[in-house]
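The values are calculated or read from the model by the stated rules, or taken from the named source; none is laboratory data. Because the structure is a prediction, the values reported are computed rather than measured. When we count neighbours, we look across all protein chains shown, and the Cβ atoms used for this are built from the backbone with ideal geometry, even at glycine. Each accessible area value is taken on the protein alone, full model and side chains, heavy atoms only, with ligands, DNA and RNA left out. Shrake-Rupley method; radii C 1.70, N 1.55, O 1.52, S 1.80 Å.
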Amino acid sequence: QVQLVESGGGLVQAGGSLRLSCAASGSIFSINAMGWYRQAPGKQREVVTAVTRIGMTTYADSVKGRFTASRDNAKNTVYLQMNSLKPEDTAVYYCYADVKSSLISGISRYWGQGTQVTVSS
């Protein structure tokens with residue numbers, strides 16, 4: 001099994017910054033993509049960012065220029081630096097990892113438990 005543990009959420013004023021972390025552990029042979037989704041109250045979960053194993057990133061249009069994702073492969077950890085936060089960024093943020101548990105296994109997606117980010121106006 002694979003576990004993802006998130007940290008770094010909280011309450012911040014508009015214009016402020018937060019940094020989220022997500023560490024994967026357990027039966028890990030390799031990790032392909034890692035990234036973040038978010039879900040605001042009453043809305044569907046939406047993708048925020050994805051980071052490939054070699055560090056290439058993609059972002060939702062709504063966060064481009066404000067959020068920066070990165071990862072440390074040695075620590076199986078993905079980060080999300082969020083700057084210039086807006087009230088509309090308020091959501092529960094979920095990290096994920098696409099994990100290969102052995103040389104011959106397929107790839108499975110695992111999710112973190114979610115961390116609340118609240119941006120006050």
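In the range 63-95, of all residues being open to solvent by less than 50 Å² (accessible area, probe 1.4 Å) and among the β-branched types (Val, Ile, Thr), the one that is farthest from Arg53 (Cα to Cα) corresponds to Thr90.
Scanning the range 32-48 for residues that are β-branched (Val, Ile, Thr) and either surrounded by 21 or more Cβ atoms within 10 Å (Cβ to Cβ) or more than 14 Å from the chain's Cα centre (by Cα) (or both) turns up just one, Val48.
In the set (1) open to solvent by less than 10 Å² (accessible area, probe 1.4 Å); (2) farther than 22 Å from Val12 by Cα, Tyr110 fails one condition alone, (1). Of all residues in the range 86-103, those being of a type outside the set (Ser, Thr, Tyr), touching a Phe, Trp or Tyr at 6+ places or on another chain (Cβ under 9 Å) and assigned to a loop (DSSP other than H, G, I, E, B) number 1.
Here Ser121 does not fit the description of being in contact (Cβ under 8 Å) with a residue 12 or more places away in the chain, open to solvent by 40 Å² or more (accessible area, probe 1.4 Å), in contact with an Asp or Glu (Cβ under 9 Å, 6 or more places away or on another chain) and closer than 28 Å to Ala14 by Cβ.
Scanning the range 9-19 for any residue that is at pLDDT below 95 and surrounded by 14 or more Cβ atoms within 10 Å (Cβ to Cβ) turns up at least one such residue. Quick one: would you say Val5 is in contact (Cβ under 8 Å) with a residue 40 or more places away in the chain, within 24 Å of Ser105 (Cα to Cα) and out of contact with any Lys or Arg (no Cβ under 8 Å at 6 or more places or on another chain)? In short, yes.
Hey, can you tell me all the residues within the range 96-121 that are closer than 18 Å to Val51 by Cβ and among the hydrophobic types (A, V, I, L, M, F, W, C)?
Ala97, Val99, Ile107, Trp111
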